[in-house]
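Here's the structure we're looking at; comments come further down.
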Amino acid sequence: MKKNSNEHVWRVLGLESSCDDTAASVLKIVDNNKEKKVEILSSIVFNQNKLHVNFNGVVPEIAARAHCEKIDICTKEALKKASLSIKDIDLISVTSGPGLIGGLLSGVMFAKGLARGLKIPLIGVNHLAAHCFSVKIFHKINFPYLTLLVSGGHCQFLIVKNVDSFVRIGGTIDDAPGECFDKIATFLGIGYPGGPLVEFKSKNGNEDRFSFPKPLMDNTCNMSFSGLKTAVKRETEKLIASQGGLYNEDVKDICASFQKTTSEIFKYKTINAIKFFNNNFEGDKNLAIVGGVAANKKIRHELQQVAFQNNFKYLTVPAQYCTDNAAMIAYLGFEKFILKNHNNLDLVVKPRWPLDQTSTPILGFGKRGAKA
Ligand code: KG4
Ligand code: ZN
């Protein structure tokens, strides 16, 4: 850390390896006691898509081995891009949960080795919390704020109260939306991961051709996506049975209709979440949308409208920081560090680590396993 008069300059290394992206990032944070200026000096992500594509999902052991092989290379690349040496780093922040245990261990053991060798502090952070905090890299925002965290493994409405205080006010009772995008892309034969590919196909599709169900349209903030996914699959099978296959137009229309239905579910449920926030919390009215699915332009656009209509400020991050990255890990680590909330070398990984430890699990939550 460099200290010039009243200014502290921090260089934070973030490491991420909880699922199928190996990522390293270096942030420069200038703290002048009044405000913190964050600059992303580098953010390197090595995705493992090619390794998992034939399995239509992430294979934990393959993921863990790939993290092990790549995490040092990824870190070197992040330092090079930032034009820094490892000795310039003041603090290391690493994802210590939730996620796949082999990947988490790769990252945490590597981070421990570096921290020990460099004699610098080490912070273990919650991956989901880091997604929620990603908006704070780009926006000045006070607690509490309302967040929709929507990714490949998660879908929750949260009130973010502090670095380690979150209230979950609703979430999916079954599949996560990113998982549906991925599965639908797989059975349409357009590739993996599905989110960006379904979005691309939707561009020229007719979003009104198919009318898919929107389950759980009640006054709660809970959501359900598995019936929608099954309905899309049935419609696809019906078309294949009647025509002997799918035309390009069919694929585009299915993608566009599914994407429209998903964004309508989010719109409806975000209005409920806003009402809940207004009735139970005081302070600025901010709506943050984070996680991989928040990269989707249609969903972003629709939720921006909802925020505007309800006098909420709409906050999101550039698409490459919606999906998994290490800049968000470095940033949350820094926020925890300044609260003296850091770990020692006895940091352990937590494959399951709910953000809100007090709310009871949502019924049936998580076909992939209720890791959060
Ligand atoms: O946040 P993330 O990188 O990883 C998890 O923590 O799960 O999210 C990955 C998920 C994948 O399911 C991917 O298909 C989805 O986010 N995704 C998208 C888009 N980009 C990524 N879904 C819809 N539209 C997109 N443009
Ligand atoms: Zn994620």
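The values are calculated or read from the model by the stated rules, or taken from the named source; none is laboratory data. Values in this document were obtained by computation on a predicted structure and should not be read as measured data. Backbone-built Cβ (ideal geometry, glycine too); neighbour counts: all protein chains shown. Surface areas here come from the heavy atoms of the whole protein model, side chains and all, with no ligands, DNA or RNA. Shrake-Rupley method; radii C 1.70, N 1.55, O 1.52, S 1.80 Å.
Which whole-number value in Å² is the accessible area per residue of segment 141-316, probe 1.4 Å? Walk me through the intermediate numbers first.
On the way: 7180 Å² over 176 residues.
Per residue, segment 141-316 has 41 Å² of solvent-accessible surface.
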Cα-projected label distance for Asn341 with Gln309, points at 7 Å along beta-carbon direction, nm: 3.5 nm
When the helix-only estimate is applied to the chain (DSSP H runs of n ≥ 4, each -39,500 (n - 2.57), divided by the residue count), what is the mean residue ellipticity at 222 nm, nearest 500 deg cm²/dmol? -13500 deg cm²/dmol
When all C-alpha to C-alpha distances in the chain are sorted into bins of 10 Å, what percent of pairs does each bin hold, rounded to whole numbers? 5, 24, 32, 24, 11, 3, 0, 0
Explain nothing, just compute: Karplus ³J(HN,Hα) = 6.51 cos²θ - 1.76 cosθ + 1.60, θ = phi - 60°, for every residue of segment 64-70 in order, whole Hz, x for Gly and Pro. 4, 5, 5, 4, 4, 6, 9
For all pairs of alpha-carbon atoms in segment 215-317, what percent lies in each bin of width 10 Å, listed from the first bin to the last filled one? 13, 38, 28, 14, 5, 1
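For the pair Lys203 and Gln357, what calculated FRET efficiency results from E = 1/(1 + (r/R0)^6), where r is the Cβ-Cβ distance and R0 = 51 Å, to the nearest 0.05?
Values: r = 41 Å, r/R0 = 0.81.
The pair Gln357/Lys203 has a calculated efficiency of 0.80.
Which FRET efficiency value, to the nearest 0.05, do you get for Lys28 and Lys297 by plugging their Cβ-Cβ distance into 1/(1 + (r/R0)^6) with R0 = 41 Å? Show your work: numbers first, answer last.
Working: r = 30 Å, r/R0 = 0.73.
After rounding, the FRET efficiency stands at 0.85.
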Net charge near Lys34 (other residues with Cβ under 12 Å of its Cβ; Lys, Arg +1; Asp, Glu -1) is 0
So what is the relative contact order of the chain, in percent, for Cα pairs below 8 Å that sit 6 or more residues apart? 23 percent
What FRET efficiency do you get for Asp164 and Lys238 if R0 is 45 Å and r is their Cβ-Cβ distance, rounded to the nearest 0.05? 0.40
Whole-number D in µm² s⁻¹ for segment 141-316, Kirkwood Cα-pair radius fed into Stokes-Einstein, 4 °C, 1.567 mPa s: 78 µm²/s
Using a ≥ b ≥ c from the Cα gyration tensor of segment 37-98 (square roots of the eigenvalues), is it rounded, prolate or oblate, where a/c under 1.5 gives rounded and otherwise the larger of a/b and b/c decides, a/b for prolate? prolate
Too long for a 32 Å Cα-Cα cut-off, among Lys80/Lys119; Lys87/Lys136; Lys161/Lys233; Lys36/Lys297; Lys81/Lys340; Lys136/Lys297, are Lys161/Lys233
Determine ³J(HN,Hα), in whole Hz, for all residues of segment 260-273 in sequence, where each value follows from phi through the Karplus function 6.51 cos²θ - 1.76 cosθ + 1.60 and θ = phi - 60°; x replaces Gly and Pro. 5, 4, 4, 5, 5, 4, 4, 4, 4, 6, 5, 4, 4, 5
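Can you send over the carbon and sulfur percentage of the accessible area for the chain, probe radius 1.4 Å, protein chains only? Don't skip to the end; give the middle numbers.
On the way: 8370 of 16540 Å².
Carbon with sulfur: 51 percent of the solvent-accessible area.
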Amide H partners (placed H, <5 Å) of Leu41, local residues excluded: Val26, Leu27, Lys28
Based on DSSP, what percent of beta bridges with both residues in the chain are antiparallel, to the nearest 5? 70 percent
Using 0.36 nm times the number of residues separating Lys50 and Ile190, minus their current alpha carbon distance, what extension gain do you get? 49.0 nm
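Top to bottom by accessible area (1.4 Å), largest first, where do Tyr247, Tyr321 land?
On the way: Tyr247 145, Tyr321 30 Å².
Sorted by accessible area, descending: Tyr247, Tyr321.
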How far apart, in nanometres, would the label points at Glu69 and Lys285 be if each is projected 7 angstrom from Cα along the Cα-to-Cβ direction? 5.2 nm
